[in-house]
Amino acid sequence: MTTTLERPTDTEVGSAPTRAPRKPIRWGNLAVLVILSVGLAATVLPFVWMVLGAFKTKAEIMARPVTWWPQHPTLDNFRAWLFEFDILRPFFNSVFLAVVTVATTLLFSSMVGWALAKMKFPGKNVIIVIVLATLFVPGIVTLIPQFVLVANLGMVNTYWGLILPGMVGAFGVFLMRQFMLEIPDSLLDAARIDGAGEFRTFFQIVLPLCKAPLATLAIFTFMGSWNSFLWPLIISQDDSMYTLPVSLALFSAEAGGHGSDFGLQMAGSFLIVIPVLILFIAMQRHFIQGIALTGIK
């Protein structure tokens, strides 16, 4: 009787397994990557140029050929904004306006969204349609009626005049309503059975579940309020009520002043952008989660 010897496999002798063949390059994916890279560069490069230009002297910015990296970095532009110009008052106005606008928008938008999502009352569907319709109305169309209303209320050149038009918005109401539709009714019924009223249910049950959309709405509202230019310019009658964007624009438009000092302008723009970047970095996880989850069935 003869026996045959089988050749041991590579795995049995301890050799490394053979590598899987490489997947062929998909030119469609490569084209999308190239297009996205170009779009990213077009978005980021102006911001990088602004940040680097804030540390350059006026002579270096105007010099040719253009240099990206500062040859002689300086903080004079920032010192001028902090000590030479009165930036503290516009900074306080911008911070106060943004904080109050964010707080009121989160409160009122979540309340209205809660009512439209979970309560039953006559005319509910009509109100939802009206809220959605206002999203398609350009803000410039309502600018004059808003100013006339605020002027008739005696709020021109006041903080109330700055804050009142932005205390609640259709976008915030729609965002909160879409998220609150996903909250189980059984959870709310259990809270009511335990004796919780509508306000207690809203503040202790609903709002803790809405951290993601609240963070998303907070970022959008803060950015809109912080970068707001036209409304503060119209409603403010003197420089004591100017916000940072208005002060920077008027500084740049000064005839015979510093309008051509691009280093100062870039430093001022960089100071305006810093709070928005800090807020986004601190809340980016909730922001992305809110965008991903809101409205998903």
Would you pick out the residues in region 99-108 that are open to solvent by 20 Å² or more (accessible area, probe 1.4 Å) and of a type in the set (Val, Ile, Thr)?
VAL99, VAL100, VAL102, THR104
Among the residues of region 183-196, count how many are of a type outside the set (A, V, I, L, M), out of contact with any helix residue (DSSP H, G or I) (no Cβ under 8 Å at 6 or more places or on another chain) and either closer than 20 Å to PRO213 by Cβ or open to solvent by less than 70 Å² (accessible area, probe 1.4 Å) (or both).
2
Can PHE251 be described as modelled with pLDDT under 85, of a type in the set (Phe, Trp, Tyr) and surrounded by 13 or more Cβ atoms within 10 Å (Cβ to Cβ)?
yes
So GLN146 passes all but one of these: (1) assigned to a helix (DSSP H, G or I); (2) out of contact with any Phe, Trp or Tyr (no Cβ under 9 Å at 6 or more places or on another chain); (3) open to solvent by less than 70 Å² (accessible area, probe 1.4 Å); (4) not β-branched (Val, Ile, Thr). Which condition number does it fail?
(2)
Filter pass, PHE96 being modelled with pLDDT of 85 or more, aromatic (Phe, Trp, Tyr), surrounded by 10 or more Cβ atoms within 10 Å (Cβ to Cβ) and in contact with a Ser or Thr (Cβ under 7 Å, 6 or more places away or on another chain):
no
Find all pairs meeting these conditions: Cβ atoms under 7 angstrom apart; at least six residues apart or on different chains; first residue within region 140-169 and over 12 Å from LEU230 (Cβ atoms); second residue among the aromatic types (Phe, Trp, Tyr).
TYR159/PHE96; MET167/PHE108; VAL168/PHE108
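The values are calculated or read from the model by the stated rules, or taken from the named source; none is laboratory data. None of the values given here were measured: they were computed from a predicted structure. Using ideal geometry, Cβ is built from the backbone for each residue, glycine included, and neighbour counts are taken over all protein chains shown. Side chains included, ligands, DNA and RNA excluded: accessible areas come from the protein's heavy atoms. Shrake-Rupley method; radii C 1.70, N 1.55, O 1.52, S 1.80 Å.
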